[in-house]
Amino acid sequence: MPALSSTMTEGKIIEWLKEPGAKVGRGESVLVVESDKADMDVESFQEGYLAAILMPAGSTAPVGETIGLIVESEDEIAAVQAKVPSQPSAQVSSLPNDSASNVEVAKNEEPSLSKSLSSLPVLSDAPKTPVSEPRLVVNEGRIVATPRAKKLASQMGVDLKTVLGSGPHGRIQAEDVLRAKGEPISVPWVAESNAPATANFISGPSKKMSSESKAKSIDLKGKSFGQPGQTIPFNTLQQAVNRNMEASLSFPCFRVGYKINTDNLDIFYKEVKPNGVTMTALLAKAVGVTLARHPQVNAVFTSEGISYPPDVNVAVAVAMEDGGLITPVLKNADKSNLFELSNKWADLVKRSRSKQLQPDEYSTGTFTLSNLGMFGVDRFDAILPPGTGAILAVAASQNNVVAGKDGSISVKRQMQVNMTADHRVIYGADGAAFLKDLANLIEENPSSLGV
Amino acid sequence: MPVDKGNLIKTRSSAKSFSAFLFEPKDLVPFKRAWDWQKNWQKGLLAQEISEQAVWLLEHPSCYTLGRGATQDNLLFDSKNPPSDLFRIDRGGEVTCHMPGQLVVYPVLDLRFYQTDLNWYLRELEQVLIDVLRLLGLSGERLSGLTGVWLAGKKVASIGVGCRRWITQHGFALNVDCELFSFESIIPCGLKEVKVGRLTDWLPGLSIKDVRPLVLKVLAQHFQLVWINE
């Protein structure tokens with residue numbers, strides 16, 4: 001199955017233009033593949049004979065799957081046909097790899113047409129789901145499946161006998177059913193970073209564990225893109241992240257942290273939340289306003305010198321469910337009001353999920369915000385993305401026992417923020433002054449963000 | 001460890017441009033004729049007999065077309081006895097219909113000049129439409145997971161593309177001031193919930209001749225085309 005786009009993971013065979021046994025000329029169309037609303041005539045780039053069709057018209061195959069076999073000479077047709085079922089059914093998905101060595105695999109993707117690695121990674125419709133498992137798995141005997149998987153299977157009309165289980169001892173999980181059905185797998189994972197903390201997460205051992213919350217904690221298993229024993233190729237976005245991460249090793253970074261009291265911020269957030277204001281917007285605005293007063297922290301290293309961007313654009317990291325992450329940008333975060341930022345953010349997140357962001361919507365950040373507060377982490381530090389001077393890692397806000405200046409003891413909500421900065425541009429004193437100002441704004445005057 | 005993926009992305013050089021023939025027939029063009037024009041042009045490009053790309057802007061008399069993989073279940077009439085001509089054609093997607101007042105745009109482009117990526121191309125065509133609508137003061141939208149352009153929940157433009165060795169044919173159709181009752185005899189794009197709209201629902205009095213220059217301008221920008229007029 002040739003890749004018709006960089007994000008395509010599977011394609012539908014619309015029509016075979018050749019019958020098995022037919023002669024195929026070089027450059028002659030052999031079949032038609034559809035991805036979304038576009039059809040592509042797939043051509044053979046080898047002269048020969050179509051010996052076998054392994055995936056019939058109407059079936060869907062993952063990119064790279066062998067869908068048919070082309071042989072060089074007429075004599076080889078029979079040998080190849082003997083090895084594969086003559087009447088392919090929709091379930092046939094893979095071919096024994098030991099087929100005759102002189103058999104040309106009809107992948108048909110002309111090398112000259114394949115995308116070069118340096119070309120632009122395209123954000124387009126999300127691939128449905130990376131299907132790499134053979135479709136036909138027969139479970140014999142007793143079927144072990146989670147209750148949710150059983151329920152889903154009956155709702156979706158999936159026969160559990162045909163589902164490969166990925167749980168302990170091959171138990172079938174809900175995701176396995178979704179995968180078998182070809183539905184996008186949605187694992188509850190990093191959602192929009194909308195709060196520096198959620199109380200449930202950080203309130204220590206729960207006094208009572210309802211059956212519902214038990215079920216929830218089971219659902220919250222770690223993210224994985226592959227099954228144990230597999231090696232999964234990086235997707236385009238993951239490759240882009242890898243390149244950035246490796247590039248970051250060449251900048252001299254330092255880190256500086258601050259504990260910020262959030263009692264007043266929490267009160268203000270409660271006031272404005274009913275108006276649709278999100279915590280991401282509040283944090284971005286606070287950071288934006290402070291950056292406007294600290295242009296050095298908004299600056300970036302270039303070979304010509306320190307470059308001061310004309311605007312304050314706060315990028316916020318969002319993890320993608322199918323791997324990699326993206327940093328949609330809240331432009332002019334210092335000048336926009338909270339409602340604009342909240343709406344803009346909701347729109348950016350929605351469109352980044354469907355991979356419909358334009359490059360200037362994720363590439364123009366001058367400062368990055370990364371929030372893992374919703375997991376309850378007490379601190380973390382972030383890696384500086386190339387092209388910016390600093391990134392702020394925001395942890396959960398939690399109750400701490402705090403000694404005041406006068407020696408009094410109180411309980412305050414605090415969140416730890418850590419900034420990673422490029423020391424060629426931003427020095428320790430610049431970073432510390434920025435954090436002090438940011439803390440002051442959040443602690444003393446959060447309502448000014450609403451002005 | 002958040003990263004800014006965007007820093008890796010270079011915007012395409014705008015210095016390069018491609019000449020493209022522009023055909024704007026003034027009369028209604030029967031579907032079959034326009035289809036032949038595109039097929040021949042595609043063939044010429046494939047055989048390297050011509051090197052320029054081509055774009056048609058035209059209107060069809062009423063007709064229905066089905067993509068190669070389309071199901072006839074979405075026809076609400078007898079396919080042997082259609083209300084107007086019915087064609088099964090070499091593009092992706094389900095059934096749609098054409099009629100006067102709908103601007104049809106057929107770019108025969110070589111995606112190797114741009115990106116050999118059909119998904120990119122579909123999204124690019126959507127962006128062309130969205131930009132055209134913006135020039136008219138309308139804010140067109142994509143619906144996640146679907147192809148086409150919507151205005152306030154109504155689908156105003158459909159997209160369907162066929163491709164051979166990265167050379168495209170077919171394209172998009174934008175409902176400007178056409179009748180919409182033809183859409184009632186099909187399930188457009190196979191989507192039962194879809195409501196079809198036209199630009200005159202928002203901009204009364206708008207006609208195809210107002211939209212043509214905008215489409216040309218935006219298409220030329222997106223695909224760096226320099227028009228060679230017929």
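Only the coordinates and a few stated rules stand behind these numbers; no lab work does. Being a predicted model, the structure only gives us computed values, none of them experimental. Glycine also receives a Cβ, built like all others from the backbone with ideal geometry; neighbour counts cover every protein chain displayed.
For the reader, a short list of remarks on this structure follows.
- Measuring r between the beta carbons of A:Q227 and A:N343 and using R0 = 41 Å, the FRET efficiency lands at 0.55.
- When the pairs B:K154/B:K209; A:K151/B:K155; A:K270/A:K350; B:K32/B:K209; A:K344/B:K155 are compared against a 26 Å limit on Cα-Cα distance, A:K151/B:K155 fall above it.
- Taking the fewest neighbouring Cβ atoms within 10 Å as the starting point, the ordered list for B:C189, B:C63 is B:C63, B:C189.
- Placing +1 on the Cβ of every Lys and Arg and -1 on the Cβ of every Asp and Glu, with nothing else charged, gives region B:19-229 a dipole about its Cα centre of roughly 280 debye.
- Under 5 Å, built H, 5+ apart or other chain: amide partners of A:V42: A:V30, A:L31, A:V32, A:V33
- Test item: B:163-169 mean partner chain Cβ contacts at 10 Å: 5
- Inter-chain shielding of A:353-364 (mean C-beta neighbours from other protein chains, 10 Å cut-off): 4
- Peptides A:398-404, A:333-339 ranked from most to least packed give A:333-339, A:398-404, packing being the mean of other C-beta atoms within 10 angstrom over each peptide's residues.
- Hz values of 3J(HN,Hα) by residue in region A:170-175 - Karplus curve (6.51, -1.76, 1.60), Gly and Pro given as x: x, 5, 7, 9, 3, 5
- By other beta-carbon atoms within 10 Å, ranking B:W41, B:W202 with the fewest at the front produces B:W202, B:W41.
- Shielding of A:300-309 by partner chains, average beta-carbon count, 10 Å: 0
- Calculated FRET efficiency for the pair B:F23/A:K412, C-beta based, R₀ 51 Å, to 0.05: 0.10
- A straight Cα-to-Cα reach below 19 Å connects A:K259 with the aspartates and glutamates A:D378, A:D381, A:D406, A:D430, A:D437, A:E443, A:E444, residues fewer than 8 places away in its own chain not being considered.
- Gyration tensor verdict on region A:284-395 (Cα atoms; rounded if a/c is under 1.5, prolate if a/b is larger than b/c, oblate otherwise): rounded
- When you count the other C-beta atoms within 10 angstrom of each residue and take the mean per peptide, A:345-351, B:80-86, B:152-158, B:127-133 line up highest first as B:127-133, B:152-158, A:345-351, B:80-86.
- Listed residues A:V312, A:G373, A:I442: farthest to the positive end of the dipole of region A:236-450 (Cβ charges): A:G373
- The distance from the alpha carbon centre of region A:259-317 to that of region B:194-225 is 39 Å, rounded to a whole number.
- Mean-square fluctuations from a GNM of chain B, with a 10 angstrom spring cutoff on Cα atoms, peak among B:P30, B:P100, B:P188 at B:P30.
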